[in-house]
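The numbers here are math on the coordinates, done by the rules we state, and not lab data. Remember, predicted model here, so these are calculated numbers, not experimental data. Here the Cβ positions follow ideal geometry from the backbone for every residue, glycine too, while neighbour counts run over all protein chains shown.
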Amino acid sequence: MTPAANRRLWRVAGALLIAYVVLTFAGVSLEHSLMLGDSPSKAASALVHSSLTRNFTGGYVEYLATLVYLVGALLVARLLRGDGVVGDWLSSCIAAGAVVAVAITVAVGFAAGAAAMYDAHHGAPLTTVTTVNDIRNFAFFLTGGLSGIFALSVAGAIWLTRELPTWVAYSGAVVGILSIAAVAGAGIGLLNVSTMLAFLWIVALGVAALRHRGEPAADPPVRRLADATA
C-alpha cells in the first residue's frame, strides 16, 4: 500500500472514531435513561411519561453511532496489525473486543431498552418494564470489560508497530485496565468514570489517526535488535 493510501485510511479511521463519540453524545442527549436502582417515580418519568418519539430518535442515533464505531474499530485493527504471531493476536483482540461489545450493545442493550420504553407507553406494568430496563443496564455494564480489551490491545499493537505516538498506548493501557476493573464497581458509579475516560481516549486515538503521515513506521528497538543479531 502506498503512503498516500495508508494516510487516507488512517484519516478515515480517525474520522469514524470521532464521529462515533459525537453521535453517541447527540443520541444520549435526546433520551431519558433509567439507571439501576432509581426510584419508581424516576422510572415512571423516564419510561412512561417521556416522549416515545424523542427517545426512539435518540436511540436510533446511538445505534448509528455503534455501527460507525464497529467499522472504525475494525479498520484500526487492520491498520495496527504487526508482523508475526503477536501482531496477528493483538489485531484479532482489537477486532474481537469491538465486535463482541457491539453485539451485546445492539442485541441486549438497545433491544431491551427499546422494549422497555415501548411497553411502558403501551400499558405494561412499571415493575415489568423496570426489570427489562435493568437487563439493558447490566448489558452496558458488561461491555466495559470488552472496551478494556479493545484499549489494551490497541496499546499493545501501538507498542509493537510504532504506528501511533506512545502516549496513545500508555493512556490506552490505563483506560483499558480501569474499564475492566470498573465493571465490579458499577454499582457505585465507577463505571461512569471509566466510560467517560474511554470516550476521551477514543477521541485522542481518532486525532492521532488523523495526524498519521502514512509513512511506514520505524522498526521498534526489539525488532532492530533481532535483525542485527540474525
What FRET efficiency, computed as 1/(1 + (r/R0)^6) with R0 = 35 Å and r the Cβ-Cβ distance, is obtained for F56 and L210, rounded to the nearest 0.05?
0.60
Is the shape of the stretch 121-181 best called rounded, prolate or oblate, per the rule: a/c under 1.5 gives rounded, else a/b larger than b/c gives prolate, else oblate, with a ≥ b ≥ c the square roots of the Cα gyration tensor eigenvalues?
prolate
With θ taken as phi - 60° and the coefficients 6.51, -1.76 and 1.60, list the Karplus ³J(HN,Hα) couplings across the stretch 188-197 in order, rounded to whole Hz; mark glycine and proline as x.
10, x, 5, 5, 5, 5, 5, 5, 5, 5
Given springs between every Cα pair under 10 Å in a Gaussian network model of the chain, which of D134, D119, D83 has the largest fluctuation?
D83
In deg cm²/dmol and to the nearest 500, what is the mean residue ellipticity at 222 nm of the chain if only DSSP H runs of at least 4 residues count, each as -39500 (n - 2.57), divided by the residue total?
-25500 deg cm²/dmol
Given a 10 angstrom Cα cut-off, can you work out which residue in V102, V22, V76 is the most mobile in a GNM of the chain?
V22
For the stretch 72-118 and the stretch 161-204, what is the separation of their C-alpha centers, rounded to whole Å?
15
Ranked highest first by the average count of other Cβ atoms within 10 Å around their residues, in what order do 111-117, 45-51 fall?
111-117, 45-51
Around T127, what is the net charge, scoring Lys/Arg as +1 and Asp/Glu as -1 over all other residues with Cβ under 15 Å from its Cβ?
-2
Percent breakdown of C-alpha pair distances by 10 Å bin, ordered from the shortest bin, for the stretch 26-82
23, 32, 23, 15, 7, 0
Consider the candidate values (1) 29; (2) 37; (3) 33; state which one is percent of Cα pairs over 29 Å apart computed from the structure displayed.
(3)
Among T127, T105, T24, the residue with the largest mean-square fluctuation in a Gaussian network model of the chain built from Cα contacts under 10 Å is T127
Could you give each residue of the stretch 164-174 its phi-based ³J(HN,Hα) in whole Hz, using Karplus coefficients 6.51, -1.76, 1.60 with θ = phi - 60°, and x for Gly or Pro?
10, x, 5, 5, 5, 5, 4, 5, x, 5, 5
